Each structure stands twice: as C-alpha cells, then as structure tokens.
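Some notes on the structure that comes next.
The values are calculated or read from the model by the stated rules, or taken from the named source; none is laboratory data. The shown structure was predicted, so the numbers you read here are calculated from the model rather than taken from an experiment. Using ideal geometry, Cβ is built from the backbone for each residue, glycine included, and neighbour counts are taken over all protein chains shown. Ligands, DNA and RNA are excluded from the accessible area calculation, which covers all protein heavy atoms including side chains. Shrake-Rupley method; radii C 1.70, N 1.55, O 1.52, S 1.80 Å.
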Amino acid sequence: MTRNKVKLEYIANDSARKSTFKKRKKGLLKKVEELTTLCGVDACAIIYSPYDARPEVWPSQVGARRVLARFMNLSQEEQEKKMLDQETYLRQRIAKASQQLEKIRDENREREMSELMHQCLGGVTSLEELSLKDTMDLCLVADKTLELIDKRIEFLHKTEEDDDD
C-alpha cells in the first residue's frame with residue numbers, strides 16, 4: 001500500500017499533531033541511532049516538546065554533553081563551516097538545480113544543432129531558412145565536429161605510421 005505525500009504545513013488538530021509528533025520523533029531518533037551505528041559518527045539529538053516537561057535527549061545526557069562539548073571546542077569558523085539554515089540550504093539546492101537545468105539545455109541545444117547539421121548536409125533543410133542564432137550555433141557544432149574529425153585523422157595517421165615501423 002502506498003503512502004500519500006504529506007503536505008508540509010502546521011497540523012491544526014491537537015490530537016493529530018501530538019500523534020504525528022510522537023511518530024516522527026521516534027523515527028528521527030531511530031535515524032540518528034542508525035547514522036551513528038552505520039557510519040561510526042558521533043551525534044546527539046535534543047528534542048523539546050510541549051507534550052513533555054523535560055527535553056528528550058539521545059543517546060543520553062552524558063552522551064549529548066560529550067558531542068556538544070566536542071562541537072564547542074571547535075573554532076567559530078569550523079563550527080559554521082558546514083552549518084546551514086533552511087534558507088541557505090534551499091538557495092544551494094536551487095543553484096544546483098539551475099546549473100543542472102542549464103547543462104541539460106546546453107546539451108539539448110547541441111543535439112538540436114547536430115541534427116540540424118545532418119539535415120542541412122542531407123538537403124532536408126536549407127541554410128537560408130536558419131535564424132542568426134541557429135546559424136551561429138550550427139557553426140559552433142560544425143567546428144567541434146571538424147575538430148573531432150581532425151583528431152581522428154591524426155590518430156589514424158599515427159597508428160598507420162606505427163604499423164609501418
């Protein structure tokens with residue numbers, strides 16, 4: 001049975017919010033435990049909630065103090081090195097996604113121009129029908145293709161010379 005995607009927003013119903021909190025807290029603590037076990041890293045979790053008078057500390061207060069003391073002994077620069085708030089995290093994700101999108105657009109444009117070059121060579125499309133941008137991009141693809149052909153010819157000449165020796 002598949003789960004429905006949960007809308008990430010405040011849960012207005014008190015009993016549903018408390019139930020969700022308990023389940024997710026349990027899941028979060030399990031993930032922290034798995035992370036420390038599987039990867040051999042130090043981690044702790046401190047969870048304050050309106051449902052408990054005292055915070056829940058994992059793995060223990062002593063363990064959490066040890067991890068926090070280790071963190072506090074780092075320089076301010078080292079502490080902040082990999083720290084992200086939600087806004088910074090989202091900005092980084094957006095920047096990365098934008099770079100990936102730009103790369104895919106460039107690859108698609110190159111494929112389009114390669115296809116267009118083949119159409120022009122095959123007489124399917126005429127150069128006179130192309131816009132300035134298409135013509136310039138086609139020229140770049142043609143130059144790149146000629147460069148690859150020159151490298152291949154050079155390689156074949158070299159291979160042929162080696163075989164003659």
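Overview of results
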{"quantity": "Theoretical ellipticity at 222 nm over the chain - DSSP helices of four or more residues, -39500 (n - 2.57) apiece, nearest 500", "calculated": "-23500 deg cm²/dmol"}
{"quantity": "Pairs from LYS82/LYS103; LYS30/LYS103; LYS26/LYS103; LYS30/LYS81; LYS23/LYS103; LYS31/LYS82 whose Cα-Cα separation, in the structure shown, is over 30 Å", "calculated": "LYS30/LYS103; LYS26/LYS103; LYS23/LYS103"}
{"quantity": "Candidate residues ASP143, ASP162: accessible-area rank, largest first, probe 1.4 Å", "calculated": "ASP162, ASP143"}
{"quantity": "Simple spin-label estimate for LEU101 and ARG66 in nanometres, 7 Å along Cα-Cβ", "calculated": "4.7"}
{"quantity": "Computed lengthening from LYS22 to ARG3, 0.36 nm per intervening residue step minus Cα-Cα distance", "calculated": "5.0 nm"}
{"quantity": "Whole-percent carbon and sulfur share, accessible surface of segment 39-165, 1.4 Å", "calculated": "54"}
{"quantity": "Per residue solvent-accessible surface (Å²) - segment 6-75, probe of 1.4 Å", "calculated": "82"}
{"quantity": "(1) 1.31; (2) 1.22; (3) 1.95, with the label sought being that of the calculated Cα Rg over 2.2 N^0.38 Å", "calculated": "(3)"}
{"quantity": "Per-residue SASA entry for ILE153, accessible area with 1.4 Å probe, Å² rounded to 10", "calculated": "80"}
{"quantity": "Taking the chain and dividing mean pair separation by its residue count, relative contact order in percent (alpha carbons under 8 Å, at least six apart)", "calculated": "9"}
{"quantity": "Computed accessible area, ASP42, all protein chains, 1.4 angstrom probe, square angstrom", "calculated": "80"}
{"quantity": "Estimated FRET transfer efficiency (LEU121, ARG152; beta-carbon r; R0 22 Å; 0.05)", "calculated": "0.80"}
